[in-house]
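Read through the structure below, which is laid out as structure tokens, and then see the notes.
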Amino acid sequence: MKLRRVSSMTLLVLQVPIVAAFAWSYASLAPESQRQVRRAVSSKPQYVDIPLERETPIVIAPLYDDPQLVGDEELAAVLTKVVPHFPAKKMKPNHVEHALRTWHVDAEFQDPEALSGVKMRDFLIDHGRFLASWEPDVPDVEPLLQERPDDGIYIRWGRETGSSVHHDHMLACLTEAGMPLSQPVFTPNRRDLTFRDVLRESLRDFRYDERETEWSVMAFGLWLPPTKSWMLSDGREMSFDMLAKRLMRGHKQMGTCGGTHRLYSLMVLLRLDEQFNILSDDVNTAAFKHLESIRDLLKVCQFEDGHWPYNWPNGEESVKKPDLTIPLYRHVIATGHHLEWLSIAPESLHPPREQIRQAAAWVIQKTLAISEAEILDNYTFYSHVGNALCLWRSTSPSKFWKEWESTHPFVAKAKTVIEKPETKADVEAKH
């Protein structure tokens, strides 16, 4: 019996409805189900998503309310200095990230020229708004948000124009600002992605030996618990134990801002461990001892005027032989950042409270003494001062500011008008 040959046209006709049915079924699936289908049919190794069991990030609450460290009037004066007044054109993502991290998404201001939390958030997560700030002045600026395979959103970072300066800094700042995972994020070509896809991409491209891991650690800590360990995209295991060890590795001054960001992230992990048990007992003990060694350095490296120097890891030697080449703003960095991590640390990790109050008095005085232009040039550093002082009053900048403006309404400053000398024609015109 002869076999009949089926023509290619007949095969095509038969396959069309099958393909169409598959396409219709795939399109009707939820995004998460579509990802599972892609993993099943792709020959490439696929990243396995970590279960994300929460919609909003964990909040690390401050532990103290010390009016002797900063009173209401002083706190309002410092926060006035760091109200976000950024130029609409060529707005720097790094400035906006720091401002949003300090003020949070719910921040509102009576000052019409100040950027609300929502406006700052939208600049960072909406490609159209980012582009409106940078074009046409910089027509070839690369997108801040870049699409990746499997629905990932990569945040461009580095020293290039219009980029976020540090890896995962924007992720960490948006997280601390309280943004939910369901928040829509608009990339150059897609409007169906969310902040969840930013976090997923960060988990995919994280590498243990990166130069800066401080912000990745903090963001992962505020989203992943009770998960303790997970698999990286290259198949290796990662855990909070490993991340804590990474933060303690090397010289104490390694990392950005003189090593102080590492301290904050490490303290975040210890606070999370209290609630979720994400660290082993050995690593918890090592982290605590590490921060005890920092406490002991802070006891002996404080100057008489109250500030902690940028080279604080040198301990007593930094006071005996001051490095006069270190600019003032770096001492502001060190003092403000130390006040910040101490505000969420138990008292057993503190230098004497009087030393902490002296440090606060110094950084308040230095912040109030400089001009608005100087604040803008160094906004990222002074934003930490405002945040730290609020934490020491067991509040947040947005909450305090709302209460403050309810009894101290905003009054616009009178703009200085420079009058030109009258000419002969002006005098004659009056008559």
- Task: Please enumerate the residues belonging to the range 324-369 that are free of Cβ contacts under 8 Å to residues at least 60 places away in the same chain and farther than 20 Å from Y264 by Cβ.
- Result: L324, T325, I326, P327, L328, P352, E354, Q358, A361, Q365, K366, A369
- Message: Of all residues being within 24 Å of S233 (Cβ to Cβ) and free of Cβ contacts under 8 Å to residues at least 40 places away in the same chain in the range 145-183, which is surrounded by the most Cβ atoms within 10 Å (Cβ to Cβ)? Just the residue, please.
- Response: W157
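Within the range 127-144, track down each residue that is among the aliphatic types (A, V, I, L, M) and crowded, with 19+ Cβ neighbours inside 10 Å.
L144 - this is the single residue of the range 127-144 that is among the aliphatic types (A, V, I, L, M) and crowded, with 19+ Cβ neighbours inside 10 Å.
Being hydroxyl-bearing (S, T, Y), at pLDDT 95 or above, touching a strand residue (DSSP E or B) at 6+ places or on another chain (Cβ under 7 Å) and not in a helix (DSSP H, G or I), is that true of even one residue in the range 390-403? Before you say what the answer is, go through the steps one by one.
To start, the set of residues in the range 390-403 that are hydroxyl-bearing (S, T, Y) comprises 394-396, 398.
From what is left, the residues that are at pLDDT 95 or above are 394-396, 398.
With touching a strand residue (DSSP E or B) at 6+ places or on another chain (Cβ under 7 Å) added as a condition, the list becomes 394.
Then drop every residue that is not not in a helix (DSSP H, G or I), which leaves 394.
Yes, the range 390-403 has at least one match.
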- Of all residues making up the range 280-326, the number that are in a loop (DSSP other than H, G, I, E, B), modelled with pLDDT of 95 or more and hydroxyl-bearing (S, T, Y): 1
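Check whether at least one residue in the range 256-265 is β-branched (V, I, T), assigned to a strand (DSSP E or B) and in contact with a helix residue (DSSP H, G or I) (Cβ under 7 Å, 6 or more places away or on another chain), and report yes or no.
Residues of the range 256-265 β-branched (V, I, T): 256, 260.
Those left that are additionally assigned to a strand (DSSP E or B): none.
Within the range 256-265 (the criterion being β-branched (V, I, T), assigned to a strand (DSSP E or B) and in contact with a helix residue (DSSP H, G or I) (Cβ under 7 Å, 6 or more places away or on another chain)), the answer is no, since none of the residues qualifies.
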- Is the range 302-309 home to any residue that is touching a Ser or Thr at 6+ places or on another chain (Cβ under 9 Å) and at positive phi? yes
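Please go through the range 356-377 and give me each residue that is among the polar types (S, T, N, Q) and surrounded by fewer than 16 Cβ atoms within 10 Å (Cβ to Cβ), ordered by number.
Step one: filter the range 356-377 for residues among the polar types (S, T, N, Q), giving 358, 365, 367, 371.
Of everything in the range 356-377, those that are among the polar types (S, T, N, Q) and surrounded by fewer than 16 Cβ atoms within 10 Å (Cβ to Cβ) turn out to be Q365, S371.
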- Query: What is the number of the single condition among (1) surrounded by fewer than 19 Cβ atoms within 10 Å (Cβ to Cβ); (2) in contact with a Gly (Cβ under 7 Å, 6 or more places away or on another chain) that F276 does not meet?
  - Reply: (2)
- Y47 meets each of (1) under 21 Å from L199 (Cβ atoms); (2) at pLDDT 95 or above; (3) surrounded by 15 or more Cβ atoms within 10 Å (Cβ to Cβ) with one exception, condition (2)
- Message: Give all pairs with beta carbons closer than 8 Å in which a residue from the range 380-409 that is within 28 Å of S164 (Cα to Cα) meets a residue that is acidic (D, E) and part of a helix (DSSP H, G or I); count only pairs at least 6 apart in sequence or on separate chains.
- Response: H384/E340; N387/E340; A388/E340; L389/E74; L391/E340
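The values are calculated or read from the model by the stated rules, or taken from the named source; none is laboratory data. Everything quoted here is computed from the prediction, not taken from an experiment. Here Cβ is always computed from backbone atoms with ideal geometry, including for glycine, and neighbour counts include all displayed protein chains.
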